[in-house]
Amino acid sequence: MAKLKLIISMTVFGSIGIFVRYISLPSEIIAMIRGTVGSLILILFSAASKRRIDIGAIKRNLPVLLLSGTAMGFNWILLFESYRYITVSLATLCYYLAPVFVIILSPIVLKEKTNAVKVISTLTALMGMVFVSGVLNDSQKVNTTGILLGVGAAVLYASVMLMSKFLKDISSDDSTIVRLGVAGISVGIYALFTQDISAIRPDMLSVVLVMFVAVFHTGITYKMYFSSMEDLPAQTIAIYSYIDPVVSIILSIMILSESFGIYELVGSVLILGSTLVCEVWGSKK
């Protein structure tokens with residue numbers, strides 16, 4: 001069940017770049033709305049199911065929740081900004097360097113065991129995304145700013161994944177509520193110093209799309225995502241995370257008409273193939 005929830009979450013996350021492309025709001029504002037509304041949605045779900053929020057557990061885990069929530073919020077800002085400079089597929093490639101960081105650091109930070117199959121599968125998937133990005137194509141110019149923003153988002157995303165393992169005796173619902181709320185508040189404070197809030201005039205399409213992202217992509221999907229992370233090792237999470245970029249690339253081709261040639265085809269095969277290999281052989285003892 002944990003793997004199924006992770007697969008669904010990654011599939012939904014893979015579509016967010018398409019939505020953000022059509023939202024004419026600053027990245028800070030999108031992230032603020034996403035975090036605050038997503039947190040409120042989960043609070044309403046808890047109230048409807050008569051589930052009490054464990055304040056004691058939140059207090060015990062507050063330092064980790066504050067750090068990971070803040071990292072989550074600024075991770076969104078950098079990712080959304082990268083969409084404005086480069087294609088969705090290339091931004092996604094940079095963003096999903098995060099699983100590689102997790103694979104490298106989890107034996108040190110989390111004391112988790114790894115194996116050759118997982119390492120090779122991760123490297124193969126990364127090579128596949130290099131092909132997909134088009135960076136091997138000499139005729140394609142690479143925007144350095146967009147790439148740096150995407151890699152920065154990857155670093156923060158990896159930190160969120162690793163910090164999640166340090167949460168103790170707290171439900172996924174409670175941790176997600178707090179982290180989304182912290183993400184919204186922290187980037188909201190940042191937006192006050194970087195944006196002229198009074199000058200923002202969003203169109204109706206942007207309002208509808210940003211609310212959909214906040215409710216569906218965040219409130220509902222993050223609940224599934226963090227719940228799955230509780231029962232899976234960091235390396236497995238890293239491998240399954242590659243579903244996100246594959247979905248993102250497919251949607252960018254279909255909806256945004258981004259190019260898809262032999263490099264992209266080879267890259268997609270490497271990504272999907274390495275994920276399958278890790279699932280079939282990498283988890284066996």
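Values computed for the structure shown
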read-out	value
FRET efficiency estimate (nearest 0.05) - Cβ-Cβ, Leu148 to Ala116, R0 30 angstrom	0.40
Total lysine pairs whose alpha carbons fall under 14 Å of each other in the chain (8 or more apart, or interchain)	8
Loop sites in region 5-85: trypsin sites (Lys or Arg not before Pro), DSSP, at most 13 other Cβ within 10 Å	Lys50, Arg51, Arg52
Environment charge at Ile53 (Cβ cut-off 13 Å; Lys +1, Arg +1, Asp -1, Glu -1)	+1
Gap separating the Cα centres of region 55-80 and region 184-259, nearest whole Å	15 Å
Distance histogram in 10 Å bins (all Cα pairs of the chain, percent per bin)	7, 29, 36, 22, 5, 0
Under Karplus coefficients 6.51, -1.76 and 1.60, residue-wise ³J(HN,Hα) of region 185-191 in Hz, glycine/proline x	5, 5, 6, x, 4, 4, 5
Low-density loop positions, trypsin sites (Lys or Arg not before Pro), region 153-261 - DSSP coil, at most 15 other Cβ in 10 Å	Lys168
Charge dipole (region 2-282, unit charges on Cβ, about Cα centre) - positive-most of Ala158, Leu40, Ser206	Leu40
Full-extension gain in nm, Arg52 to Ala2, via 0.36 nm per residue minus C-alpha separation	15.7 nm
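Each value in this text was obtained by applying a stated rule to the coordinates, not by laboratory testing. Values in this document were obtained by computation on a predicted structure and should not be read as measured data. Positions of Cβ are generated from backbone atoms using ideal geometry, with glycine treated the same way; all protein chains shown enter the neighbour counts.
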